[in-house]
Amino acid sequence: MLSDIQQKVLAQLMEGNRVAVIDLIDEWAVQKQYRTAVSEILEPVLHEFGERWYRGEGLSLSHGYIAGKIAEYLMEKCLEEEEQNDAAPRKKKGNLVIGNIEDDYHSLGRMMLGRFLEISHWQVHDLGNDVLAEEFVDKALEVRSRVIAVSAMMYTNALNIQKLRREIDDRGLGGVLQLAVGGAVFITRPNLIREVGGDGTAVNAFKSVELIERMWQTSTTLGELP
Amino acid sequence: MNSKERMTAVLSGKHPDRSPVSMNLALYGAGLTGCPLVEYYSDPEAYALGQEQVSRIFQPDILFAPFAMPLYAQSFGGTLRFYKDQPPNIKKPVLSVPDDFHLLALPDPDNNPSLVYMRRAIRIMGSRHGNEVVVAGVAMDPVSLPIMLMGLDKWLQTFLFEETMATDILGWILPFFREWVNILFEEGASFVALPMAFTTPAILPRKLVLERCMPVLKQAFDGVKGPLILHSTGAPFSPFIDLFATLPNVKGAELNCKDSFQDTRANVGEQLLLMGNLEGPNCNQWSVKQTREKCKTILQDRKDDPFFILGTSGPDIPIDTPPAIIHAIGRSVEDVNKW
């Protein structure tokens, strides 16, 4: 059951009214600070939002992107607040490497995922579009990321994820370096995850955060990164 | 009635002898002539030969111009990636920074190779088949066209968060849209199909469509000199059709396979032509029996609806679809009374 403020924020988000959502959050922050808005407004609203998305209840890409933008705004405000209060930033859960696979330039889903991971206290290393398999793995080893989240929108591009699977396996990193795959094509082709060798997938950016946390845990039970 | 008379009837609000049939066989023609797709999507004669085979073998009521929106990206300077069995795609967006649209020139319809290819293909098809069958032009609506320049994600970001720039881009591109669509009519298109790739419920909330897209579309469609049929592009479309039905020169809408004819008809009234809604891109997976059943279900649902066209929805019918499936779709409108 959402509180009054949560319902108001969700209603404005459903209208696609980013400015009204930010006004509500700003108003809240005057009394209670931005950092409390993360746990008391944004997280429950995004959870409900993700559930509605999962159930296919009239949500569009714009809704997701506006939600991402609001999350980004709130994160910036939290950082400003921490600097003003001279408070230590909240500890990150770990480093994550994300990017679009070789030849893929559809960055929307990846950028949304990045924002939701950051709001969930992950340190995100976003490699951008058209990333080669070896670049993903090199970066993951450099920053000690146990999960690579790779995105593709088109089927033909998604097949390039097979190269990343091979790169991980050829370096003996299978299991400890988990491969999360996502993008619209994985919803329309449920067998594609097996075809490209993914270790897990999720239906949207919200569910991806949960997925990646599970995959990170799985990795820790399978050993250490070299 | 021949195909042309039948289509002319439904486009002008008169009753046809039977439902016309619309199948997106733009790509399929290449398979029939064995034409490599690089050639098929750059040589108007090669394309027209493919469509000649489509017409000869399947006798659809509509022949489509090349159904490959990335050709518009190419016309603005983008490069394409070609495949063996599907239409070309954009290799890399023309604009990596949306604001750089200032640096682009609008393509010249008389000299730009991609545009010349598309208009000549229509001209050739019209000259060879125009007395018997309707030739449909294919263009992109002005609100969706920026996707071809910068990709969906950048255009969506610009549209949502850089409203002034988005307005500037739309203002820049709108005259090109009107000029281009009118050229397609002059070349012989009986109607122009507009894949509405951006203004779908999957991309935008209704409120934004109403407030931000509708004024642009109204201005753009007001200046065109022929009927427009809006295309669902492969995503559910019905929730917005009532808005688009009020736009100038919009005579019809192609529904997605997940859209309901009954609900849509209830929302838009009796006169708007509704097309669809067989799932075109998946019909290579069907048996002939399944195809007939799918057609039968739609035709029975629409049996009292004169402003209806049985057709495939979404992108092209796959090139490996057995001809028997396509024949089954085409014949279903003749067979419906026997079922």
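The table below gives the values:
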{"item": "Residue in region B:38-47 that is part of a loop (DSSP other than H, G, I, E, B), within 27 Å of B:GLU279 (Cβ to Cβ) and of a type outside the set (Phe, Trp, Tyr) present", "result": "no"}
{"item": "Within region A:93-120, tally of residues that are touching a residue at least 60 places away in the same chain (Cβ under 8 Å) and of a type in the set (Phe, Trp, Tyr)", "result": "1"}
{"item": "Residue count, region B:213-239 (criterion: over 15 Å from the mean Cα position of the chain (by Cα) and at pLDDT below 95)", "result": "3"}
{"item": "Residues that are surrounded by fewer than 20 Cβ atoms within 10 Å (Cβ to Cβ) and under 18 Å from the mean Cα position of the chain (by Cα), drawn from region B:251-280", "result": "B:LYS251, B:CYS257, B:LYS258, B:GLU279"}
{"item": "From the options B:GLN74, B:GLN51, residue that is more than 14 Å from every other protein chain (Cβ to nearest Cβ), surrounded by 17 or more Cβ atoms within 10 Å (Cβ to Cβ) and under 11 Å from B:LEU149 (Cα atoms)", "result": "B:GLN74"}
{"item": "Residue check for A:LEU10: in contact with a helix residue (DSSP H, G or I) (Cβ under 7 Å, 6 or more places away or on another chain), within 14 Å of chain B (Cβ to nearest Cβ), under 27 Å from A:SER107 (Cα atoms) and not in a helix (DSSP H, G or I)", "result": "no"}
{"item": "Test: residue in region A:23-44 that is free of Cβ contacts under 8 Å to residues at least 40 places away in the same chain, surrounded by fewer than 17 Cβ atoms within 10 Å (Cβ to Cβ) and assigned to a loop (DSSP other than H, G, I, E, B)", "result": "no"}
{"item": "Hits in region A:48-63 - residues which are at the interface with chain B (Cβ under 10 Å from one of its Cβ atoms) and either part of a helix (DSSP H, G or I) or within 15 Å of A:PHE116 (Cα to Cα) (or both)", "result": "A:LEU61, A:SER62, A:HIS63"}
{"item": "Odd one out for B:PRO16, checked against (1) in contact with a Leu (Cβ under 9 Å, 6 or more places away or on another chain); (2) in a loop (DSSP other than H, G, I, E, B); (3) under 18 Å from B:GLY311 (Cα atoms)", "result": "(1)"}
{"item": "Count - residues of region A:157-178 that are closer than 19 Å to A:LEU192 by Cβ and in contact (Cβ under 8 Å) with a residue 40 or more places away in the chain", "result": "7"}
{"item": "Number of the condition not met by B:LYS4 [criteria: (1) out of contact with any strand residue (DSSP E or B) (no Cβ under 7 Å at 6 or more places or on another chain); (2) surrounded by fewer than 24 Cβ atoms within 10 Å (Cβ to Cβ); (3) not small (Gly, Ala, Ser)]", "result": "(1)"}
{"item": "Output for region B:215-246, where each listed residue is in a helix (DSSP H, G or I), more than 13 Å from chain A (Cβ to nearest Cβ) and closer than 25 Å to B:GLN262 by Cβ", "result": "B:ILE241, B:ASP242, B:LEU243, B:PHE244"}
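This table checks each residue for (1) within 21 Å of B:ILE147 (Cα to Cα); (2) of a type in the set (D, E, K, R); (3) in contact with a Leu (Cβ under 7 Å, 6 or more places away or on another chain).
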{"site": "B:ALA197", "(1), (2), (3)": "yes, no, no"}
{"site": "B:PRO201", "(1), (2), (3)": "yes, no, no"}
{"site": "B:VAL224", "(1), (2), (3)": "no, no, no"}
{"site": "B:ASN256", "(1), (2), (3)": "yes, no, no"}
{"site": "B:GLN262", "(1), (2), (3)": "no, no, no"}
{"site": "B:LEU274", "(1), (2), (3)": "no, no, yes"}
{"site": "B:ASN282", "(1), (2), (3)": "no, no, no"}
{"site": "B:THR297", "(1), (2), (3)": "no, no, no"}
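One line per residue, one yes/no per condition, for (1) farther than 23 Å from A:GLU167 by Cα; (2) within 14 Å of another protein chain (Cβ to nearest Cβ); (3) assigned to a strand (DSSP E or B); (4) in contact with a strand residue (DSSP E or B) (Cβ under 9 Å, 6 or more places away or on another chain):
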| position | (1), (2), (3), (4) |
| --- | --- |
| A:LYS91 | yes, no, no, no |
| A:VAL97 | no, no, yes, yes |
| A:ASN100 | no, yes, yes, yes |
| A:ASP103 | no, yes, no, yes |
| A:MET112 | yes, yes, no, no |
| A:VAL124 | no, no, yes, yes |
| A:GLY128 | no, yes, no, yes |
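To keep it simple, each residue is scored yes or no on (1) of a type in the set (Phe, Trp, Tyr); (2) modelled with pLDDT of 95 or more; (3) not in a loop (DSSP other than H, G, I, E, B).
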| position | (1), (2), (3) |
| --- | --- |
| B:GLY171 | no, yes, yes |
| B:PRO175 | no, yes, yes |
| B:ARG178 | no, yes, yes |
| B:ILE183 | no, yes, yes |
| B:GLU186 | no, yes, yes |
| B:ALA189 | no, yes, no |
| B:LEU194 | no, yes, yes |
| B:ALA202 | no, no, no |
| B:LEU208 | no, no, yes |
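The values are calculated or read from the model by the stated rules, or taken from the named source; none is laboratory data. Bear in mind the structure is a predicted one, so any value in this text is a computation, not a measurement. FYI the Cβ positions are ideal-geometry reconstructions off the backbone, even for glycines, and counts take in every protein chain you see.
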